[in-house]
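Visitor: Before I ask anything, let me first share the structure, which is written out below as structure tokens.
The values are calculated or read from the model by the stated rules, or taken from the named source; none is laboratory data. This structure is a prediction, so every number in the text was calculated from the model and none was measured. All Cβ positions, even for glycine, are placed from backbone atoms using ideal geometry, and neighbour counts span all protein chains on display. Keep in mind that these areas ignore ligands, DNA and RNA; they rest on the heavy atoms of the full protein, side chains included. Shrake-Rupley method; radii C 1.70, N 1.55, O 1.52, S 1.80 Å.
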Amino acid sequence: MDSNLIVMLTHQDQTVSDAIEVFNECKHLPVKYWGFKNVGLEKAQMETLVYNMKEAGKITFLEVVTYSEEECMQGARIAVELKFDYLLGTLYYPSVYDFLKGYEIKYMPFCGKVSGSPSILKGTNQEIIEDAKNIFKNGVFGFDLLAYRHTKDGESLAREFCKAIDCPVVIAGSINSFKRIKFISDINPWGFTIGSAFFDKKFDNKASIVRNIELVIEYMNTL
């Protein structure tokens, strides 16, 4: 499987309170990409978690799931200050993009009409694709697509989106089964996130979080 797994230390769109401890239990796993949300931890805890991830040789992602221009800018400032490698999410605002242009962080905003917590995505497939094309003209690195949070048909959206958009795409949210991972492999986006499903032990409800991540890695290696 070519798509990259991004392990999110999150549950129901918030960073889990024991994210630092969970990461330290899991950091030996052969997963390069790790991240968490901009809600759920104090800033000092976030700083410690990013430091631990980088010390372990990981690539770091902050996903912003708050939506006002002020909140999105705040998330972008945190991402820069704590030296994240990628910023996922935020609604696209020119002010946020202009701020990030001066830094090396890779910016992958949402597209379409995103709201709520947990997030939902509204709009037709074509509307969401056109929104992404318009945003991409400004120079963003790629997109954070909430396919399985779409109010209609998330797999149809994801398939059409990945064919239409020629840049890195991360499929985020509600990837909670081997069947969905197989679909991700078939459409082959740059990456995909799994967070809540690990904490809910969706891949083996009697196993640890570490083992649930291992099972996903093992399955990906068969694809």
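Visitor: Return one whole number: the accessible area per residue of the chain in Å², for a 1.4 Å probe.
Guide: 45
Visitor: Of [x] 10.9; [y] 15.8; [z] 14.5, which is the value of mean projected area of the Cα convex hull in nm² derived from the coordinates here?
Guide: The value matching this structure is [x].
Visitor: Along the Cα→Cβ direction, 7 angstrom out, place labels at Lys152 and Val39. What is the inter-label distance in nm?
Guide: It works out to 2.7 nm between the two label points.
Visitor: Still on this model: For the residue pair Arg159 and Ala56, what label-to-label distance in nm results when each label sits 7 Å from Cα along the Cα-to-beta-carbon direction?
Guide: Label at Arg159, label at Ala56, 3.6 nm between them.
Visitor: So, one more: Please give every one of the lysines within straight-line cross-link reach of Lys54, meaning a C-alpha to C-alpha distance under 19 Å, and leave out same-chain neighbours fewer than 8 residues apart.
Guide: Cα-Cα hits under 19 Å: Lys27, Lys32, Lys37, Lys43, Lys83, Lys106.
Visitor: Within the accessible area of the chain, what % is carbon and sulfur when the probe is 1.4 Å and the other protein chains stay in place?
Guide: 46
Visitor: Taking K and R as +1 and D and E as -1, what net charge do the other residues with C-beta under 9 Å from the C-beta of Pro118 add up to?
Guide: Here the count lands on 0.
Visitor: Shifting gears a bit: Taking K and R as +1 and D and E as -1, what net charge do the other residues with C-beta under 12 Å from the C-beta of Gln74 add up to?
Guide: Charge balance in the 12 Å sphere: -2.
Visitor: What full-extension length gain, to one decimal in nm, is calculated for Glu69 and Lys206 as 0.36 nm per residue of separation minus the Cα-Cα distance?
Guide: 45.1 nm
Visitor: Got a sec to turn the phi values of the stretch 106-115 into Karplus ³J(HN,Hα) couplings, 6.51 cos²θ - 1.76 cosθ + 1.60 with θ = phi - 60°, whole Hz, x for Gly and Pro?
Guide: Listing the rounded values in order: 8, 9, 10, x, 5, 9, x, 9, 10, 7 Hz.
Visitor: How would you order 170-179, 122-131 from highest to lowest mean count of nearby Cβ atoms within 10 Å?
Guide: In descending order of packing, they fall as 170-179, 122-131.
Visitor: Within straight cross-link reach of Lys58, meaning Cα distance under 13 Å, which aspartates and glutamates are found once same-chain residues fewer than 8 apart are removed?
Guide: Here the aspartates and glutamates satisfying the reach criterion relative to Lys58 are Asp85.
Visitor: Counting Lys and Arg as +1 and Asp and Glu as -1, each charge on the Cβ, what is the dipole of the stretch 130-223 about the Cα centre in debye, to the nearest 20?
Guide: Roughly 200 debye for the stretch 130-223.
Visitor: So what are the ³J(HN,Hα) numbers for the stretch 48-56, from phi and the Karplus equation (6.51, -1.76, 1.60; θ = phi - 60°), rounded to whole Hz, Gly and Pro as x?
Guide: 4, 5, 4, 4, 4, 5, 5, 4, 8
Visitor: Which ³J(HN,Hα) values, rounded to whole Hz and listed in residue order, are derived for the stretch 83-93 from phi using the Karplus coefficients 6.51, -1.76 and 1.60 in 6.51 cos²θ - 1.76 cosθ + 1.60 with θ = phi - 60°, glycine and proline given as x?
Guide: Per-residue couplings from phi come out as 6, 5, 7, 10, 10, 9, x, 6, 5, 6, 10 Hz.
Visitor: For Lys113, list the aspartates and glutamates whose Cα falls under 16 Å from its own Cα; do not include residues on the same chain fewer than 8 positions away.
Guide: Glu69, Glu127, Glu130, Asp131, Asp144, Asp153
Visitor: Sticking with this structure for a sec: Sort 43-56, 102-115 by packing, meaning the average of other beta carbons within 10 Å per residue, with the highest value first.
Guide: Per-residue mean Cβ counts within 10 Å order the peptides as 102-115, 43-56.
Visitor: Another question about this same structure. Any idea how many Lys pairs in the stretch 126-223 come in under 22 angstrom at the alpha carbon, given 8 or more places apart or on separate chains?
Guide: 13
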